[in-house]
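Input: a single structure, listed below in structure tokens.
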């Protein structure tokens, strides 16, 4: 079975990353979600990547704050797409995690999304778009979702707009 793997560096990331899982669920895309740290549990992280790939993980989403090495560790252990979600876990407001996640050496790509909540949701959407490359049903769901979002903007505007 194909699925998306969500790996968080800490339990404190769950309150934000739940929106990632919820987004995948809304499109009926299966996922696994675990906590595994690049620093505190490196063997667990390495073993999980291998096991998840064997079970059918197609894309890994890595959420981590501060030094944020989790996405890079995942990238070093698989050729599957990695999406990094920088978390705001320090006095630097997530900028440290953003820089750590986005600054990967050549040949070890990590797609990096926004810090925090928007990044969590966008990581799910990016994973959905990748999966939709060879899944027509999922592609159609994404198109309908875009139409729905555009209609919501128009509806919200009609409630308050003033035009001359």
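The values are calculated or read from the model by the stated rules, or taken from the named source; none is laboratory data. For clarity, every value in this text was computed on a predicted model and none was experimentally measured. Here the Cβ is made from the backbone with ideal geometry for all residues, glycine too, and neighbour counts use every protein chain on show.
Every residue, every condition in (1) closer than 21 Å to residue 132 by Cα; (2) in contact with a helix residue (DSSP H, G or I) (Cβ under 9 Å, 6 or more places away or on another chain); (3) loosely packed, with under 15 Cβ neighbours inside 10 Å, yes or no:
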{"residue": "16", "(1), (2), (3)": "no, yes, no"}
{"residue": "32", "(1), (2), (3)": "yes, yes, no"}
{"residue": "42", "(1), (2), (3)": "no, yes, yes"}
{"residue": "52", "(1), (2), (3)": "yes, no, no"}
{"residue": "57", "(1), (2), (3)": "yes, yes, no"}
{"residue": "70", "(1), (2), (3)": "no, yes, no"}
{"residue": "96", "(1), (2), (3)": "no, no, no"}
{"residue": "114", "(1), (2), (3)": "no, yes, no"}
{"residue": "120", "(1), (2), (3)": "yes, yes, no"}
**Asked** Which number in (1) assigned to a helix (DSSP H, G or I); (2) without any contact (Cβ under 8 Å) to a residue 24 or more places away in the chain; (3) more than 16 Å from residue 17 (Cβ to Cβ) marks the one condition that residue 163 misses?
**Response** (1)
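Going by the conditions given, is residue 71 in contact with a strand residue (DSSP E or B) (Cβ under 6 Å, 6 or more places away or on another chain), farther than 28 Å from residue 136 by Cβ and touching a residue at least 40 places away in the same chain (Cβ under 8 Å)? Before the answer, list the steps.
Numbers: in contact with a strand residue (DSSP E or B) (Cβ under 6 Å, 6 or more places away or on another chain): yes; farther than 28 Å from residue 136 by Cβ: yes; touching a residue at least 40 places away in the same chain (Cβ under 8 Å): yes.
Against the criterion (in contact with a strand residue (DSSP E or B) (Cβ under 6 Å, 6 or more places away or on another chain), farther than 28 Å from residue 136 by Cβ and touching a residue at least 40 places away in the same chain (Cβ under 8 Å)), residue 71 qualifies.
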**Request:** Output the residue which, of all residues in the range 66-102 that are modelled with pLDDT of 95 or more and part of a loop (DSSP other than H, G, I, E, B), is nearest to residue 49 (Cα to Cα).
**Result:** 78
**Request:** Filter the range 19-30 down to the residues that are closer than 9 Å to residue 121 by Cα and out of contact with any strand residue (DSSP E or B) (no Cβ under 7 Å at 6 or more places or on another chain), then identify the one that is surrounded by the fewest Cβ atoms within 10 Å (Cβ to Cβ).
**Result:** 22
**Asked** Is it fair to say residue 132 is in a helix (DSSP H, G or I), farther than 15 Å from residue 10 by Cα, without any contact (Cβ under 8 Å) to a residue 24 or more places away in the chain and touching a helix residue (DSSP H, G or I) at 6+ places or on another chain (Cβ under 8 Å)?
**Response** yes
**Fill in**
The condition from (1) in contact (Cβ under 8 Å) with a residue 60 or more places away in the chain; (2) out of contact with any helix residue (DSSP H, G or I) (no Cβ under 6 Å at 6 or more places or on another chain); (3) part of a helix (DSSP H, G or I) that residue 24 misses is numbered (2)
**Fill in**
Checked pairs for the range 42-61, first without any contact (Cβ under 8 Å) to a residue 24 or more places away in the chain and at negative phi, second assigned to a helix (DSSP H, G or I) and surrounded by fewer than 16 Cβ atoms within 10 Å (Cβ to Cβ), C-beta under 6 Å and 6 or more apart or across chains, list as none
